[in-house]
Amino acid sequence: MKLSICIPVYNFDVRELVFDLKKEIDSQNIDAEIILIDDASKEESRQTNRELQNITNRFIFLEENIGRSRIRNLFQQYADGEFFLFLDCDGKIEEKNFLKNYIQFIREHPNTQVIYGGREVLNSASDPDHYLRWKFAVERENLPVVLRNEKPYLSFQTNNFVIRKEVLERVKFNPEFQKYGYEDLLFAMDLKANYIKIDHIDNPILNNDLESNIVYLGKVEESVESLSHMLKDETLNSKLSEVKLVRIYNKLKNTSFKVILGFLFNMGEGNIKRKLFKGNVNLRYLDMYKLGLLFRKMK
């Protein structure tokens, strides 16, 4: 069984990640290839990573940015493995048997189709300016396997997962959405619609590049923008109906609360953002902010 390690790269020094993967491949004699596709990064970032051309199987540099979904589909043109392991470029390997853990699970479960290994962050935020993203990761994303298995599709993320090649050929990432936000959940729901099971295991990767509060809030706004476009398509709306934010929106969109919430959000948006910029706030403020933005975008 051959494993294709697929890493989309965008404006990030991916050398440590690749070196660690290469070290395990060589020391454990693993049948694996490493493929990088740079999504039109800045020249400084491209130059930093060019040395990896000598130790990876393929390193493709794109001249135009194609976005998070299309670039994952693109790996099918270059990868030869029976299984693809997708990793975000800002991940850090903490487990010396990281690849071996996936391979062992596949051998013990030969019918597995998709495996999500999980994610983790440091035990504390680096500083108050990075607290919001760290808190969201700890409270909402970095769930233990037992909790992820309760909602296997909603708990899926694309930062660290293995997928059988033939499954990705059947169920591709939706190429219409190039920006940040909800493309992983949409993909998970497409898997669900095709009766493809997601297995969850304890094999996390460390997210070592948490955004500042200001940058993260900008990504939140971008994600809500993406979500609003998805929800305007009735087919996609139904696929995402299990998402908490969508569920609340659908419940309130045809009620008088919609007008009231819109008014309250317009009045209090600035105050909510100031609280979120401080980082150490109850995540309900972030939920309120997302809901207010969604109602505004769906007008």
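What pairs from Lys23/Lys165; Lys96/Lys135; Lys22/Lys42; Lys96/Lys239; Lys151/Lys253; Lys92/Lys278 go past 31 Å between their alpha carbons?
Lys96/Lys239
To two decimal places, what compactness ratio does the stretch 71-146 give when its Cα radius of gyration is scaled by 2.2 N^0.38 Å?
1.37
Just to confirm the filter: which chymotrypsin sites (Phe, Trp or Tyr not before Pro) across the stretch 116-214 are DSSP coil and have at most 11 other Cβ within 10 angstrom of their Cβ?
Passing both the DSSP loop test and the Cβ count: Tyr195.
Quick one: if you stick a label point 7 Å off each Cα along the C-beta vector at Arg274 and Lys251, how many nm between them?
3.0
Expressed as cubic angstrom per residue, what is the convex hull volume of the alpha carbon set of the chain?
135
Could you work out the relative contact order of the stretch 214-297? I mean the mean sequence separation of Cα pairs under 8 Å and 6+ apart, divided by the number of residues, in percent.
Reported as a whole number, the value is 45 percent.
Report the label-to-label distance for Asn11 and Gln53 in nanometres (one decimal), using points 7 Å from each Cα along the Cα→Cβ vector.
2.3
Work out which GluC sites (Glu not before Pro) in the chain are exposed loop sites (DSSP not H, G, I, E or B, at most 11 other Cβ within 10 Å) and give the longest gap free of them.
My reading of the result: 151-299 is the longest stretch.
Could you check the simple spin-label distance between Phe19 and Ile60, using points 7 Å along Cα→Cβ, in nm with one decimal?
Result: 2.7 nm between the two label points.
With Kirkwood's inverse mean 1/r over C-alpha pairs for Rh, give me the Rg to Rh ratio of the stretch 161-252, two decimals please.
On the Cα set of the stretch 161-252, Rg over Rh gives 0.99.
Hey, what did the chain get for relative contact order, percent, Cα under 8 Å, at least 6 apart?
Answer for the chain is 20 percent.
If you build the Cα gyration tensor of the stretch 214-297 and take the root of 5 times each eigenvalue, what three semi-axes come out, in whole angstrom, biggest first?
22, 16, 11
Throughout, read-outs are computed from the coordinates displayed, never taken from laboratory work. Nothing here was measured: the structure is a model prediction, and the numbers come from that model. Reconstructed Cβ throughout: ideal geometry from the backbone, glycine too, with neighbour counts over all protein chains shown.
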